[in-house]
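Single-structure report; data block below.
The values are calculated or read from the model by the stated rules, or taken from the named source; none is laboratory data. In this text, all values refer to a predicted model and were calculated from it rather than measured experimentally. Note: ideal-geometry Cβ built from the backbone for every residue, glycine included; neighbour counts use all protein chains shown. Just so you know, the surface numbers come from the protein's heavy atoms only, side chains and all, with ligands and any DNA or RNA stripped out. Shrake-Rupley method; radii C 1.70, N 1.55, O 1.52, S 1.80 Å.
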Amino acid sequence: MHHCTVTLESPLPYHAPSYHPIFSPPLHPGHFILPFTPPKTGGLHHHHSVFTCKGIQLSVPSHGSASLVPSNGNGAAIHDWKLRSVGLKSIDVATLGNLCVDIVLNVPRLPPRSREARFAYMQELSKSPPDRKYWEAGGNCNMAIAAARLGLHCATIGHVGDEIYGQFLLDVLREERISMVGMSEDDDIVDSTSASYETLLCWVLVDPLQRHGFCSRADFSKEPAFCWMSKLSGEVKVAIKQSKILFCNGFGFDELSPGLIMLALDYAVDVGTSIFFDPGPRGKSLMTGSPEERQALRHFLKMSDVLLLTSDEAESLTGIGNPILAGKELLKNGIRTKWVIVKMGSRGSILVTMSGISCAPAFKVNVIDSVGCGDIFVAAIAFGYIHNMPLVHTLAIANAVGAATAMGCGAGRNVATLNKVTELMRASDINEDDEFWSELVKDLNNEEITFLSKMVINGRNIQVNHMSLQKVVSELLPKLENSWLEGKVAS
């Protein structure tokens, strides 16, 4: 038996309910998790109705939408609301699966490499719940929290258990004004007291050199954590139908079966909901996984409206090293694909469409912790997509939000403040590596390229339209400030 001693020290500051994050939660009185279950005396109170979808759980913004009231037990209010909601897209972004609690700990050393030793290490960690100050909402909660603080109306679709971690996650989502739509139903064959029903935990381990290691029970199972779920409930379908964007990532396959994920994807296509897909590190294993996983990955690459990948992931999926050419290949092979966005870390990001290419160098920052930056980046891309912002503006705000978050510790409720984002944008200090970017575009023919630059230099390259960063920032900041005046963002 492998034994280890773990020192529990949080690299994150303790956070009380926060009112100082990147962008404050939208203040819509009807935008919260329903129904509220009255606390039971004598112990933990269970929100079983949330998971079995017995009540109204979708958020509807107060402006121009019917208000939601809980049913009196006969279902009339729910039925009436559903009838009136047909055709409405009152939710900006819904996330599918990948709801977990991150336990963020400083440890003397990262987990061992061998599977057996890693499992023993995790079992040692799991013997007793660490102090709550080490807990953070993780997975797709990162994207949902950042999107909600950008003023978007958000819902999370997934499963959490009835235990203390599930209650913690529900409390965080409620504080952030994010709706929770449970996926499990009464006829799902699973004992609610079994480990397979429990909220998924991810141990985020940080060594003295600030290197990260991750482990969860999903790493040691051949089946998805919630493989007992096999169909979409009526409430999940309503949530997807009412959403403008359904966001999925590769980690969703750790929880949900490929068949269930494809059911959600196909339903989103049928009801006109845009699909955002970020395969993440799981993309490589999906490529070589089970036949069902490979089929699901191919389906996502063809049917998604927006694909988001790192340059390494784009190369893995296409075999093409140039991220622009890889993006063009993914776009060509897609059926519904409108945008392919390639994230290149400290280099910046690119956005490829059928009509052109947008390039935005990254903001220069001192990186403290990159965990969750990709999720925050996606939230800003969704913001630009929904608001029909110019493409290079969308990349600029996504780069700024991701960079500002990297300057702090952790994601979840620890994403960057609005002041830090605007400070970065006003400083306009971006990583303009002309040699790198020139190499990327040299093989492109007759392509319309928009490039974010500190200054516009006429005649540098006849095929490149240089967009002044100062001009972009001057147009973005009033939009953020106007949102603040409307109560959507805070400093």
For Arg109, the accessible surface traced by a 1.4 Å probe with all protein chains present amounts, in square angstrom to the nearest 10, to 150 Å²
Straight-line reach check, Lys343, cutoff 15 Å on alpha carbons, 8 or more apart in-chain or any other chain, hits among aspartates and glutamates -> Asp278, Asp312, Glu313, Glu315, Asp375
Surrounding charge for Asp270, neighbours by C-beta under 11 angstrom, Lys/Arg +1, Asp/Glu -1, total +1
Hydrodynamic calc, segment 325-382: Kirkwood Rh from Cα pairs, then Stokes-Einstein at 4 °C with viscosity 1.567 mPa s, so D in µm² s⁻¹ is 102 µm²/s
Heavy-atom accessible area of Lys133, protein chains in place, probe 1.4 angstrom, given in Å² to nearest 10, is 90 Å²
Mean Cβ-within-10 Å packing, highest first, puts peptides 165-173, 383-391, 146-154 in the order 146-154, 165-173, 383-391
In whole µm²/s, the translational diffusion coefficient that Stokes-Einstein assigns to segment 211-342, given a Kirkwood hydrodynamic radius over C-alpha pairs, 20 °C and 1.002 mPa s, equals 140 µm²/s
Ranked output for segments 300-311, 427-438 by mean other Cβ atoms within 10 Å, highest leading, reads 300-311, 427-438
One would report the antiparallel percent of DSSP beta bridges in segment 271-377, rounded to the nearest 5, as 55 percent
Using alpha carbon positions and the Kirkwood radius, the Rg to Rh ratio of segment 390-456 is 1.06
So, relative contact order of segment 187-302 in percent, Cα under 8 Å, 6 or more apart, is 21 percent
The rounded separation in angstrom of the Cα centers of segment 299-362 and segment 114-162 is 28 Å
Once the in-chain neighbours fewer than 8 apart are removed, the lysines whose Cα is under 26 Å from Lys89 read Lys54, Lys231, Lys237, Lys241, Lys244, Lys302, Lys338, Lys479, Lys488
Listed by chain and number, the lysines with an alpha carbon less than 19 angstrom from that of Lys222, same-chain partners under 8 positions apart left out, are Lys284
Rg/Rh of segment 252-300 (Cα atoms, Kirkwood Rh), to two decimals, equals 0.96
